[in-house]
Amino acid sequence: MAPATKQSILRIPSWAGIKGLYHGFTTRRSGTGRLVGNALRDHLGLNRHRPVLLNQVHGNRIVAVQGARDRARIRQADGAATPLPRTLLTIRTADCLPILAIDPGKGVLGAAHAGWRGISLRIPTQLVRILVSRFDCRPSDILIGLGPAIKACCYRVGEDVRKVFVSRGTPSDSSIFFPGPDGQLRLDLKSAAIRQLRDAGVPPGNLASVDLCTACRSDLLFSRRREGPGPDRMHAFITREETRLPLV
Ligand SMILES: [Zn+2]
């Protein structure tokens, strides 16, 4: 298989100047749809980086990766955070929202998988919390990169989904759930995540996003809603070299 080309991976443009950082969101064109672990790492050209393996379960658990032992185990979790260099965090999605995080001053990285269930359980809030509580980051120093996800144009949901948010006390106002042109309820995953990230203290200027809808752009992206269940996924990834801090 040919290595993933630069053109086939989407990136946060404002992160280009962060020293030693590798990040991105793979696409249908990356040739990585079915790859995991070392195979994915090698395809991305990150052979010297050690992948953290997550078994994503639509929960809100985020693991702190602080040593080799943490990296070796497969964790039932929907996110990871680490201060370690050459530690490759990856999230698999095909409609759900991938969230990447970095504190450039401390070299701490994070990644989370945020579908409606995880967002209703406040996984975006949890991502900020673990960076603060385990790695001493300040919310105002955390940069967030949101990857491609299904957007409200294509994300029809039932009233039962909104009720889950309400029952958990998770923000669910009319900027998050609203009727579409067909009168059916829509969910804006990104707005829901951004609300939580801002409430957790991340400044609006620290939020960046790849603003593509997975269902609208099935030429480029995988969408479970559009295509049905299948093995192919996009991968959000983030890792860094052993670089002198701060990174910017
Ligand atoms: Zn769409």
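Values in this text are rule-based calculations from the coordinates and carry no lab data. Note that this is a predicted model, so its numbers are computed, not measured. Heads up, the Cβs are rebuilt from the backbone with ideal geometry, glycines too, and the neighbour counts pull from every protein chain shown.
Note that region 184-248 carries a Kirkwood radius of 15.3 Å, evaluated over its alpha carbons pair by pair.
All distinct Cα pairs of region 50-91 go into the 1/r average, and the inverse of that average, the Kirkwood radius, is 10.1 Å. The charge dipole of the chain, taken about the Cα centre with unit charges on the Cβ atoms of Lys, Arg (+1) and Asp, Glu (-1), comes to about 500 debye, rounded to the nearest 20.
Return a single number: how many Lys pairs in the chain, at a sequence separation of 8 or more or on separate chains, have alpha-carbon atoms below 23 angstrom apart.
Working: Lys6/Lys19; Lys19/Lys106; Lys151/Lys163; Lys151/Lys190; Lys163/Lys190.
Lysine pair count for the chain: 5.
Rounded to the nearest whole Hz, the Karplus-based 3J(HN,Hα) values (6.51 cos²θ - 1.76 cosθ + 1.60, θ = phi - 60°) of region 92-105 follow the sequence 9, 9, 8, 2, 5, 8, x, 10, 10, 9, 8, 9, x, x, with x at glycine and proline.
Based on a Kirkwood Rh over C-alpha pairs, give the Stokes-Einstein translational diffusion coefficient of region 12-135 at 25 °C and viscosity 0.890 mPa s in µm²/s. Write out the running numbers ahead of the final one.
Numbers: Rh = 14.7 Å.
D = 167 µm²/s.
Summing charges over neighbours of Leu121, with a neighbour being any other residue whose Cβ is under 13 Å away from its Cβ, gives +4 when K and R count +1 and D and E count -1. Between the amide H of Ala114 and those of Leu97, Ile99, distances stay under 5 Å, these residues lying 5 or more places away or on another chain, with hydrogens modeled in the peptide plane. Take 109-120, 197-208, 232-243 and order them by the average number of nearby Cβ atoms within 10 Å per residue, most first; the result is 109-120, 232-243, 197-208. The local environment of Thr32, defined by Cβ-Cβ distances under 12 Å, has a net charge of +4 under the rule Lys, Arg +1 and Asp, Glu -1.
Could you compute the net charge surrounding Glu242? Neighbours are other residues with a C-beta less than 12 Å from the C-beta of Glu242; K and R count +1, D and E count -1.
Details: positive: Lys19, Arg48, Arg86, Arg240, Arg244; negative: Glu241.
For residues surrounding Glu242, the net value is +4.
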